[in-house]
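Pasting a structure below so you can have a look.
The values are calculated or read from the model by the stated rules, or taken from the named source; none is laboratory data. Worth saying up front: this structure is predicted, and the values here are computed from it rather than measured. Methodologically, a virtual Cβ is constructed for each residue, glycine included, from the backbone with ideal geometry; neighbour enumeration extends over all protein chains shown.
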């Protein structure tokens with residue numbers, strides 16, 4: 001009993017009623033299974049343990065799944081050996097930064113693969129295919145991100161797990177550091193030189209979303225913990241963000257700078273040869289000049305008319321934001337041609353940029369008073385920037401989402417139209433009921449938030465008291 005109590009308190013990363021409740025429920029299961037009432041059901045199964053630990057599913061232990069894009073054949077980056085060499089003497093977090101479209105995520109994936117031969121590597125994705133903005137995701141929070149990383153290590157039998165449910169950041173970070181130390185002790189039994197590398201991608205997305213919610217992003221807190229309390233021996237951090245977002249992501253925290261450069265001519269040649277049949281040397285030089293080595297722009301050139309690589313085009317550089325904006329403008333023009341007002345389309349894009357993904361097509365169409373066919377056509381015009389899944393629409397990648405958020409998500413008048421539309425659908429749409437509070441908070445509309453809190457309209461699909469209370 002004493003051992004069980006210690007284990008559950010330690011795994012819960014809390015000293016409050018949660019640990020006591022779990023302990024009581026676990027004891028009750030053992031008593032019940034050992035009693036006469038369960039004569040033929042004496043086996044304690046996984047579902048029994050999950051129930052006692054107040055977990056609805058085994059996936060609760062790993063709440064932040066990756067959603068990394070498939071970019072095809074990966075170019076071996078020339079800077080990769082330098083990054084690997086820097087790891088041996090690293091005393092501060094290594095910050096890999098670049099502008100959008102250069103390939104930070106793919107570079108970190110390559111770094112993780114190369115380091116995993118000699119070290120234990122954990123890769124954490126802060127973007128999650130845009131899921132980081134979803135209310136139930138919360139991957140920017142310590143009680144989600146730290147638990148996911150710790151339990152990834154626990155799945156590899158390197159340390160004990162941390163159970164979800166802790167809202168005490170001090171205890172959670174203390175427990176997490178203990179797990180890292182435990183992990184290093186386990187690794188040392190096999191190879192004393194094996195280190196733990198934690199790679200966290202897109203910390204700027206986590207920092208921005210946390211700021212919107214008046215919360216703190218766990219990657220920033222983790223780096224702060226390592227700086228002020230000291231790093232856990234043998235554990236090293238690698239993080240990434242856009243260059244112009246370094247200050248808002250890290251503030252005055254110390255880091256070791258690693259600027260990821262765009263593709264060199266040689267890397268561009270490798271990229272094109274694997275994707276374009278019979279690519280010529282002069283076409284490669286044109287692609288390099290027009291893209292300045294930006295991988296996303298190269299992708300556009302590959303997928304477009306071969307005439308874009310003519311020698312006559314060499315003095316016509318393409319900026320990533322200009323490329324993305326042109327695709328959006330073309331889709332807007334087509335929607336206007338079909339009879340929709342630009343004000344309506346701006347409101348559509350504004351909502352798409354701030355509402356939690358994936359955004360259901362049918363519900364969003366009804367909220368804007370638009371035919372679902374028009375929404376589908378508009379989404380198709382924006383492909384591949386906008387991806388349609390079985391659950392709804394979501395941005396394909398971070399550069400596209402960032403551009404739309406900065407261009408349309410800052411239009412308060414457009415967002416107020418979205419909020420008005422969602423308010424009118426509180427008794428019809430679960431998505432509207434789930435997403436409106438976050439939008440009103442972003443708008444700073446306390447009056448309407450207060451009104452919404454006492455709104456007794458609920459979608460028919462939410463019939464339980466628990467579901468209604470959650471809304």
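Given the structure, is residue 140 out of contact with any helix residue (DSSP H, G or I) (no Cβ under 7 Å at 6 or more places or on another chain), closer than 22 Å to residue 235 by Cβ and crowded, with 17+ Cβ neighbours inside 10 Å?
No.
Tell me whether segment 159-167 contains one or more residues that are assigned by TED's automatic domain parsing to the domain that holds residue 235 and part of a helix (DSSP H, G or I).
Going residue by residue through segment 159-167, those that are assigned by TED's automatic domain parsing to the domain that holds residue 235 are 159-167.
Remaining after also requiring part of a helix (DSSP H, G or I): none.
No: zero hits.
Something else: Need a quick list: helices (runs of 4 or more DSSP H) entirely within segment 384-471 having at least 3 residues that are surrounded by 16 or more Cβ atoms within 10 Å (Cβ to Cβ).
On the way: elements: 398-407, 412-423, 430-443, 446-453, 465-470.
The qualifying helices (runs of 4 or more DSSP H) are 398-407, 412-423, 430-443.
Here are some conditions: (1) surrounded by fewer than 17 Cβ atoms within 10 Å (Cβ to Cβ); (2) in contact with a strand residue (DSSP E or B) (Cβ under 9 Å, 6 or more places away or on another chain); (3) on the phi > 0 side of the Ramachandran plot. Residue 202 meets all but one. Which one does it not meet?
Unmet for residue 202, out of (1) surrounded by fewer than 17 Cβ atoms within 10 Å (Cβ to Cβ); (2) in contact with a strand residue (DSSP E or B) (Cβ under 9 Å, 6 or more places away or on another chain); (3) on the phi > 0 side of the Ramachandran plot: (1).
Restricting the search to segment 78-95, which residues are in contact with a strand residue (DSSP E or B) (Cβ under 9 Å, 6 or more places away or on another chain) and not in a loop (DSSP other than H, G, I, E, B)?
The initial filter retains those residues of segment 78-95 that are in contact with a strand residue (DSSP E or B) (Cβ under 9 Å, 6 or more places away or on another chain), namely 79, 82-83, 86-87, 90-95.
The answer is 82, 83, 86, 87, 94, 95.
Kindly provide the set of residues from segment 170-229 that are in a loop (DSSP other than H, G, I, E, B) and farther than 19 Å from residue 144 by Cβ, ordered by number.
Start the filter on segment 170-229 by keeping residues that are in a loop (DSSP other than H, G, I, E, B), which leaves 189-195, 202, 213-217.
Passing the criteria: 189, 190, 191, 192, 193, 194, 195.
Sticking with this one: Just wondering, is there one or more residues in segment 256-270 that are farther than 30 Å from residue 220 by Cβ, out of contact with any helix residue (DSSP H, G or I) (no Cβ under 9 Å at 6 or more places or on another chain) and without any contact (Cβ under 8 Å) to a residue 40 or more places away in the chain?
no
Residues of segment 311-347 being part of a helix (DSSP H, G or I), farther than 20 Å from residue 407 by Cα and in contact (Cβ under 8 Å) with a residue 24 or more places away in the chain, which ones?
Let us first name the residues in segment 311-347 that are part of a helix (DSSP H, G or I), namely 311-313, 320-337, 342-347.
This time we only want the ones that are farther than 20 Å from residue 407 by Cα, so: 311-313, 337.
Once the filter is applied, which keeps residues that are part of a helix (DSSP H, G or I), farther than 20 Å from residue 407 by Cα and in contact (Cβ under 8 Å) with a residue 24 or more places away in the chain, segment 311-347 yields 311, 313.
Could you list all residues from segment 96-126 that are in contact with a helix residue (DSSP H, G or I) (Cβ under 7 Å, 6 or more places away or on another chain) and part of a strand (DSSP E or B)?
If the condition is that a residue be in contact with a helix residue (DSSP H, G or I) (Cβ under 7 Å, 6 or more places away or on another chain) and part of a strand (DSSP E or B), then 96, 97, 98, 120, 121, 122, 123, 124 are the ones that fit.
Taking segment 402-436, which residues are under 22 Å from the mean Cα position of the chain (by Cα) and without any contact (Cβ under 8 Å) to a residue 24 or more places away in the chain?
Across segment 402-436, the qualifying residues are 406, 410, 436.
Collect the residues in segment 358-383 that are in a helix (DSSP H, G or I), crowded, with 20+ Cβ neighbours inside 10 Å and in contact with a helix residue (DSSP H, G or I) (Cβ under 6 Å, 6 or more places away or on another chain), keeping them in residue-number order.
Residues satisfying the conditions are 367, 375, 378.
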